[in-house]
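Engineer: The following block contains the structure, expressed as structure tokens.
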Amino acid sequence: MKKISLLIILFQSLIVLAQTPTFTWSESASSIDNELNFTIQNHFDGNRIFKLKSAYNDKIFNKDVFVDIFSTNDDFEKDENNFSAGLEQPVMGKNMKTLTHLFYLTGKDYLYFLTEFNSETKEFELFTQKANIDTGTKTKATFLTKMPAKNMFNIGDFFIAQSENKQFYGVISRPIGDKKLNEKATFHILDANFKIVKSIEHEFAFTTKQSFNIDVHVSNNGNLAIVRELDLPKIKPYKSLFYWDSKTQNVVEHNLKQDLDFQVSQFKWKETDNGNYFIGGISDGKRKVGIDLGGALPEANPTNSLLLMHFDADGKVVLNEKIALEKQNNINLEEIILNDNKLWLLFNEIYTGSKRLPAPDPSKPLERPIEYSYVSTGYTVIKLDATSGKLDWISRINNEEPRTINDNGDHVKYLHFFRNNQLVLIYNNSRDINMNTKYFVRNSRFAVMSIINNDGAVVSTKDIPNSGVGKTYNFCYELDLSVAIPVDENTYIVRSRCGNSARYGYLKF
């Protein structure tokens, strides 16, 4: 028995050693333009990195889209000809079309959805347009659909989603309705050529007020699901899920109201070959937050249990399971991995907070910047059986990281890799490197790797040797956990940061 145990330990050690990555970093550095609160997508074409940043700009009442380009053939030097890929603004006035959604297609092409209020017909119109993020060229905007609008300030909403395989798009058009009448909407399914192939009108049951937001999901076979909040008289608002099998004319409602007025506070969808999974975290709504964010008001996702629903290819519910958990004060569902009929749920225990600072210019007292803070206390992984919905195990890595400011939380996230039926997590661990005094603390972030095996055991946690980031007093570059661009199955492009400076490099297993 002892020999067998020793062999198992030796075998596991060899696997861990084989999975320990190496880092190589570029010599040149590039400046980091403002990334705060931008949605960032990275693409690699084999020679260059395209970093696309998008965020709504309330000064032009439109979405900004910027493209940064880096060449891997020239030590990751940044192209000085970076440009805006948003809608062109006229010299005088504003562009009347508004970019509301953008989806990646393939290569360097994106699909834009544009809206515009037609003042002559009093209609709110939706258009599509293709844009190339290398050349900045765009096709002519093509009209898609419209709905009635009261005026340019009461125009209704378009909610849009792209399927995981990029073959379908789901569009919900919801006009502004009368508060005393049932809310009406039109569901559309678009094909890969951005043409409407299916539509259905749906009237929701009476609700006291319209949902501010509707979450849309379109499956890989063209079915459409939406999750929205219902606000009824004398009842605490709750979410409901509406599923449309686009082969039919029926929209089926699945009530997500929980006992004791618990709420489905967060959720994600996972596509599979035999339908899709809806996974939500259920919360009692009582936030027990004991995190100091330097005066900022922290936000968290407390979770009491999980809701797992499996819809087959025809939209029928074949699994509806509630999984009880010991209450977690803050877990944020970020990723779902399906492997060997098992669902691996990855959570980050990140707290976010914000506070408004004094106006830097006394003559402009209303222009007060907002400071955003982030703290992470660790990472949680949950494994579920995809057929029965039963809980296999919960595994947690305790990793309390000090507060970061205005960096989108990029230093307190994690990089994840699924290799040899094991989950590899790479993250930062802050330690005091000023060992000569106890009165002055100087933290540096060490790159750490943990491996969680198929049974939920953390079989290894150790520093990554020669990572080239953190550790030393005079070297401030630390691992940025927002970038891991695959080059091949063993190689990824990663980034390290020092203030407003960045270096790119390779992580290789």
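The values are calculated or read from the model by the stated rules, or taken from the named source; none is laboratory data. Values in this document were obtained by computation on a predicted structure and should not be read as measured data. Here the Cβ is made from the backbone with ideal geometry for all residues, glycine too, and neighbour counts use every protein chain on show. Remember, those area values only see protein heavy atoms, side chains included, never the ligands or the DNA or RNA. Shrake-Rupley method; radii C 1.70, N 1.55, O 1.52, S 1.80 Å.
Engineer: Kindly provide the set of residues from the range 33-56 that are part of a loop (DSSP other than H, G, I, E, B) and open to solvent by less than 20 Å² (accessible area, probe 1.4 Å), ordered by number. Spell out how you get there, then give the answer.
Structural biologist: Going through the range 33-56, the residues part of a loop (DSSP other than H, G, I, E, B) turn out to be 33-38, 45-47.
Result: E35, single match.
Engineer: Restricting attention to the range 362-382, and to residues there that are at pLDDT 90 or above and charged (D, E, K, R), which single residue is nearest to R287 (Cα to Cα)?
Structural biologist: E371
Engineer: Now for a different question. Tally time: how many residues in the range 254-266 are open to solvent by less than 50 Å² (accessible area, probe 1.4 Å) and within 21 Å of A205 (Cβ to Cβ)?
Structural biologist: 5
Engineer: Here's something else I'd like to know. I'm told M309 meets every condition in (1) surrounded by 21 or more Cβ atoms within 10 Å (Cβ to Cβ); (2) over 18 Å from the mean Cα position of the chain (by Cα); (3) more than 25 Å from V227 (Cα to Cα); (4) hydrophobic (A, V, I, L, M, F, W, C) except one. Can you identify the failing condition by its number?
Structural biologist: It is condition (3) that M309 fails.
Engineer: With respect to L333, determine if the residue is within 23 Å of L36 (Cα to Cα), surrounded by fewer than 16 Cβ atoms within 10 Å (Cβ to Cβ) and either out of contact with any Asp or Glu (no Cβ under 8 Å at 6 or more places or on another chain) or not polar (S, T, N, Q) (or both).
Structural biologist: Taking the combined requirement at face value, the residue does not satisfy it.
Engineer: Same structure again: How do the strands (runs of 3 or more DSSP E) wholly within the range 84-200 filter down when requiring 3 or more residues that are more than 25 Å from W244 (Cα to Cα), open to solvent by less than 50 Å² (accessible area, probe 1.4 Å) and not basic (K, R): which remain? Don't jump to the end; show me each part of the working.
Structural biologist: On the way: elements: 98-106, 109-118, 123-132, 142-148, 157-162, 169-174, 184-190.
Result: 109-118, 123-132.
Engineer: Among the listed residues F11, F38, which satisfies the condition of being modelled with pLDDT of 90 or more and out of contact with any helix residue (DSSP H, G or I) (no Cβ under 9 Å at 6 or more places or on another chain)? Give the steps one after another, and end with the answer.
Structural biologist: On the way: F11 fails: modelled with pLDDT of 90 or more.
It is F38.
Engineer: Looking at N429, N420, which is the one that is under 20 Å from T20 (Cβ atoms), in contact with a helix residue (DSSP H, G or I) (Cβ under 7 Å, 6 or more places away or on another chain) and of a type outside the set (A, V, I, L, M)? Reasoning before the result, please.
Structural biologist: Working: N429 fails: in contact with a helix residue (DSSP H, G or I) (Cβ under 7 Å, 6 or more places away or on another chain).
Going through N429, N420 in turn, the sole match is N420.
Yes or no, residue by residue, for (1) under 30 Å from L144 (Cβ atoms); (2) not hydrophobic (A, V, I, L, M, F, W, C):
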residue: T39; (1), (2): yes, yes
residue: N42; (1), (2): yes, yes
residue: D45; (1), (2): yes, yes
residue: K53; (1), (2): yes, yes
residue: Y56; (1), (2): yes, yes
residue: D64; (1), (2): yes, yes
residue: T72; (1), (2): no, yes
residue: F83; (1), (2): yes, no
residue: E88; (1), (2): yes, yes
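Engineer: Answer yes if at least one residue in the range 76-83 is modelled with pLDDT under 85, loosely packed, with under 11 Cβ neighbours inside 10 Å and in a loop (DSSP other than H, G, I, E, B), and no otherwise.
Structural biologist: yes
Engineer: Let me spell it out: the conditions are (1) under 24 Å from the mean Cα position of the chain (by Cα); (2) more than 28 Å from K383 (Cα to Cα), and I452 meets all of them except one. Which number is the exception?
Structural biologist: (2)
Engineer: Additional query: Just to be sure, is T404 open to solvent by 50 Å² or more (accessible area, probe 1.4 Å) and among the β-branched types (V, I, T)?
Structural biologist: Details: open to solvent by 50 Å² or more (accessible area, probe 1.4 Å): no; among the β-branched types (V, I, T): yes.
So T404 fails the test.
Engineer: Here is a further query. So in the range 68-120, with the set limited to residues that are out of contact with any strand residue (DSSP E or B) (no Cβ under 8 Å at 6 or more places or on another chain) and hydroxyl-bearing (S, T, Y), which one is nearest to R503 (Cα to Cα)?
Structural biologist: The residue in question is T106.
Engineer: May I ask you to say which residue of T404, T472 is farther than 27 Å from L343 by Cα and within 21 Å of the chain's Cα centre (by Cα)? Before the answer, list the steps.
Structural biologist: On the way: T472 fails: within 21 Å of the chain's Cα centre (by Cα).
From the options T404, T472, the qualifying one is T404.
Engineer: Also, quick follow-up: Tell me the residue from S496, S482, S501 that is at pLDDT 90 or above, closer than 18 Å to I405 by Cα and loosely packed, with under 15 Cβ neighbours inside 10 Å, please. Before the answer, list the steps.
Structural biologist: Working: S496 fails: loosely packed, with under 15 Cβ neighbours inside 10 Å; S482 fails: loosely packed, with under 15 Cβ neighbours inside 10 Å.
Checking each option against the conditions leaves just S501.
Engineer: Just checking: which of the strands (runs of 3 or more DSSP E) contained wholly in the range 254-331 hold 1 or more residues that are touching a Leu at 6+ places or on another chain (Cβ under 9 Å) and touching a residue at least 24 places away in the same chain (Cβ under 8 Å)?
Structural biologist: Values: elements: 263-272, 275-283, 297-299, 303-311, 317-328.
In the range 254-331, the matching strands (runs of 3 or more DSSP E) lie at 263-272, 275-283, 303-311, 317-328.
Results for (1) at pLDDT below 95; (2) acidic (D, E), shown as yes or no for each residue.
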site	(1), (2)
E401	yes, yes
F417	no, no
L425	no, no
S430	yes, no
S444	yes, no
G468	yes, no
Y473	yes, no
E478	yes, yes
E489	yes, yes
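Engineer: Does S376 satisfy the condition of being part of a strand (DSSP E or B), open to solvent by less than 10 Å² (accessible area, probe 1.4 Å) and polar (S, T, N, Q)?
Structural biologist: On the way: part of a strand (DSSP E or B): yes; open to solvent by less than 10 Å² (accessible area, probe 1.4 Å): yes; polar (S, T, N, Q): yes.
Yes: the conditions hold for S376.
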